Amino acid sequence: METSVPLSVESVLDVLKPVEDPELRKSLVALNMIRNVAIEAGNVSFTLVLTTPACPLKELIVDDCKRAVKTLDGVTDVQVEVTAETPTQAAIPDRQGIDGVKNILAISSGKGGVGKSSVAVNVAVALAQTGAKVGLLDADIYGPNGPNMLGLSDAKVMVQAGADGKEVLEPAFNHGVKLVSMAFLIDRDQPVIWRGPMLNGVIRQFLYQVSWGDLDYLIVDMPPGTGDAQLTLAQAVPMAGVAIVTTPQEVALLDSRKGLKMFEQLGVPVLGIIENMSYFIPPDLPDRKYDIFGSGGGERTAKELGVDLLGCVPLEIPLREGGDNGVPIMVSQPDSASAQALKKIAGQIAAKVSVAALRDRI
C-alpha cells in the first residue's frame with residue numbers, strides 16, 4: 001500500500017523538479033527559479049523568478065507549477081508570486097559594455113520608411129509595461145524621430161559633469177522609457193551634415209556618456225542601411241541581438257536581407273524578422289484586411305534565411321497617429337491588433353535574449 005508523501009518544502013520542490021522552462025528545457029528547480037517555498041496548513045506559496053518580466057510563456061509556466069503542486073496530498077491552495085531577474089548578456093572580447101546595462105538590442109532595417117522607429121519605440125514601451133527597466137538610444141542621427149514618438153519633443157536634457165570630468169547627458173523619460181537622441185542637441189529644422197568619424201563619435205558618446213542607470217534592455221533604433229552607425233555599434237558594445245524590420249514589399253525585403261547578412265558577418269545574433277505594415281485594417285471595417293504591400297514576404301524571407309519571424313504588425317491609423325502625437329499605441333490603444341502584435345514581439349525578443357544569456361552559463 002502506497003503511503004502519501006508528507007507536505008513539506010522538500011516535497012514541493014520534488015514535484016516541481018520535472019517542470020521545465022519551456023525555452024531552456026531545464027528544470028525550474030535546477031535553474032533556481034523556484035524560491036521562498038512556504039506552507040501554512042494546506043496553502044502552499046512560492047516565488048517563481050522568471051528570466052524576463054516580458055516572458056511570453058508566464059501563464060503557461062505558472063499553470064504547470066500549480067498543477068504539479070496540487071498533486072500533493074493535503075494541498076488546498078497554491079499561490080505563486082511572479083518576479084523576474086533579467087540575465088546580463090555575456091561579455092565579448094574587445095567590446096566595452098555599459099555599466100548597469102544588462103542587454104543591448106538593435107532594431108534595424110535595410111530600407112527606410114518601413115516603420116522601424118515606430119516598432120522600436122513601441123517595443124521599448126511594451127517591455128517597460130511589463131516592469132522592465134528600458135532605455136532607447138535614437139541612433140538615427142540624420143533623422144532622429146524618437147522624441148516626437150515618445151512625446152518628448154519639448155524635453156530639456158541636462159548635461160552634467162561626470163566622475164571623470166567628462167560631460168554626461170541625462171536622458172529624457174516618458175512612458176516608462178529613458179531616451180537620448182540627437183534631436184535633443186540640435187534645432188528642430190537643423191540638418192546633421194556629418195561624415196562617418198563624427199557619426200561614430202556621437203554614437204559612442206550616446207553609449208558611454210549618458211547616465212543610463214540600471215537597465216534591463218537598451219534598445220538602439222538604428223538608421224536604415226548598412227553603414228557607419230551599424231559598424232560602430234557592432235564593434236563597440238557586446239550586443240545581445242538585432243531584429244530586422246521590413247514590410248512584405250519585395251524592394252523592402254531585398255534590402256532587409258542585406259542588413260541581416262551584415263549583422264551576421266559582424267557576429268551579432270539575429271533575433272529574427274519583424275514584418276511591419278503586414279496588412280491594412282480600415283477603421284470603419286475592422287473585420288477587413290487589405291494587403292497593401294503584398295503578403296507573406298516576411299515569413300518567406302525568414303524561412304529562406306533560417307531565422308525566426310518574430311511577428312507581423314498590421315497597419316492601423318492609430319499606430320501612425322501615436323507616432324505623430326507622442327502617445328505610442330501601446331499606451332493609447334493597448335488592445336488594438338497592432339499593439340497586441342507588438343506586445344508579442346517584445347516578449348519574443350526578451351525571451352530569446354534571456355535564453356541566449358543563460359545558455360552561456362548552464
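The values are calculated or read from the model by the stated rules, or taken from the named source; none is laboratory data. The model shown is predicted, which means the values in this text are computed figures rather than measured ones. For neighbour counting, all protein chains shown are included, and Cβ atoms are generated from backbone atoms with ideal geometry for every residue, glycine included.
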*Working only within the range 199-251, note down all residues that are assigned to a loop (DSSP other than H, G, I, E, B), surrounded by 19 or more Cβ atoms within 10 Å (Cβ to Cβ) and charged (D, E, K, R).*
ASP216
*Just one of the numbered conditions (1) in a loop (DSSP other than H, G, I, E, B); (2) of a type in the set (S, T, N, Q); (3) surrounded by 18 or more Cβ atoms within 10 Å (Cβ to Cβ) is not true of ASN148; which one?*
(1)
*State which residue is farthest from the chain's Cα centre (by Cα) when the search covers only the range 1-53 and only residues that are aliphatic (A, V, I, L, M) and exposed (fewer than 12 other Cβ atoms within 10 Å of the Cβ).*
MET1
_Residue that is nearest to ALA90 (Cα to Cα), among those in the range 264-300 that are surrounded by 24 or more Cβ atoms within 10 Å (Cβ to Cβ) and touching a Ser or Thr at 6+ places or on another chain (Cβ under 9 Å)_ = ILE273
*Restricting the range 92-122 to residues that are of a type in the set (Gly, Ala, Ser) and assigned to a strand (DSSP E or B), the residue that is surrounded by the most Cβ atoms within 10 Å (Cβ to Cβ)*: SER108
*Determine whether GLY272 is part of a strand (DSSP E or B), in contact (Cβ under 8 Å) with a residue 12 or more places away in the chain and either over 22 Å from PRO56 (Cα atoms) or not aliphatic (A, V, I, L, M) (or both).*
yes
*Could you check ALA172 against (1) touching a residue at least 40 places away in the same chain (Cβ under 8 Å); (2) surrounded by 22 or more Cβ atoms within 10 Å (Cβ to Cβ) and say which number it fails?*
(1)
_What are the pairs with Cβ atoms under 7 angstrom where one residue, in the range 196-222, is closer than 13 Å to VAL237 by Cβ and the other, located anywhere, is of a type in the set (Lys, Arg) and buried (at least 22 other Cβ atoms within 10 Å of the Cβ)? Sequence gap at least six, or different chains._
TRP212/LYS178; LEU215/LYS102
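If the requirement is being among the aliphatic types (A, V, I, L, M), more than 16 Å from the chain's Cα centre (by Cα) and closer than 15 Å to THR247 by Cα, which of these qualifies: ILE292, ILE317? Working first, answer last.
On the way: ILE317 fails: closer than 15 Å to THR247 by Cα.
Step by step, each of ILE292, ILE317 is checked, and only ILE292 is among the aliphatic types (A, V, I, L, M), more than 16 Å from the chain's Cα centre (by Cα) and closer than 15 Å to THR247 by Cα.
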*Within the range 170-198, tally of residues that are at pLDDT 90 or above and in a loop (DSSP other than H, G, I, E, B)*: 3
*What is the number of the single condition among (1) in contact with a helix residue (DSSP H, G or I) (Cβ under 7 Å, 6 or more places away or on another chain); (2) over 22 Å from ASP73 (Cα atoms) that VAL12 does not meet?*
(2)
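Test of understanding: among SER117, SER45, which residue is over 28 Å from VAL331 (Cα atoms) and among the small types (Gly, Ala, Ser)? Show your work before the answer.
On the way: SER117 fails: over 28 Å from VAL331 (Cα atoms).
Residue meeting the stated conditions: SER45.
I need the full set of residues from the range 152-194 which are under 20 Å from the mean Cα position of the chain (by Cα) and not hydrophobic (A, V, I, L, M, F, W, C), in order please. Step through it out loud before you land on a result.
Within the range 152-194, the subset under 20 Å from the mean Cα position of the chain (by Cα) is 171-181.
Residues satisfying the conditions are PRO171, ASN174, HIS175, GLY176, LYS178, SER181.
Right, GLY347: on the phi > 0 side of the Ramachandran plot and not assigned by TED's automatic domain parsing to the domain that holds ILE61 or not?
Numbers: on the phi > 0 side of the Ramachandran plot: no; not assigned by TED's automatic domain parsing to the domain that holds ILE61: yes.
No; evaluated as a whole, the condition is false for this residue.
Going by what's in this entry, would THR83 be described as part of a strand (DSSP E or B) and not aliphatic (A, V, I, L, M)?
Criteria met by THR83.
When the residues of the range 66-91 are filtered to those that are aliphatic (A, V, I, L, M) and in contact with a Gly (Cβ under 8 Å, 6 or more places away or on another chain), which remaining residue is surrounded by the fewest Cβ atoms within 10 Å (Cβ to Cβ)? Working first, answer last.
Going through the range 66-91, the residues aliphatic (A, V, I, L, M) turn out to be 68-69, 72, 75, 78, 80, 82, 84, 90-91.
Now drop any that are not in contact with a Gly (Cβ under 8 Å, 6 or more places away or on another chain), which leaves 75, 84, 91.
Details: VAL75: 19, ALA84: 20, ALA91: 10.
Step by step, filter the range 66-91, then rank; the result is ALA91.
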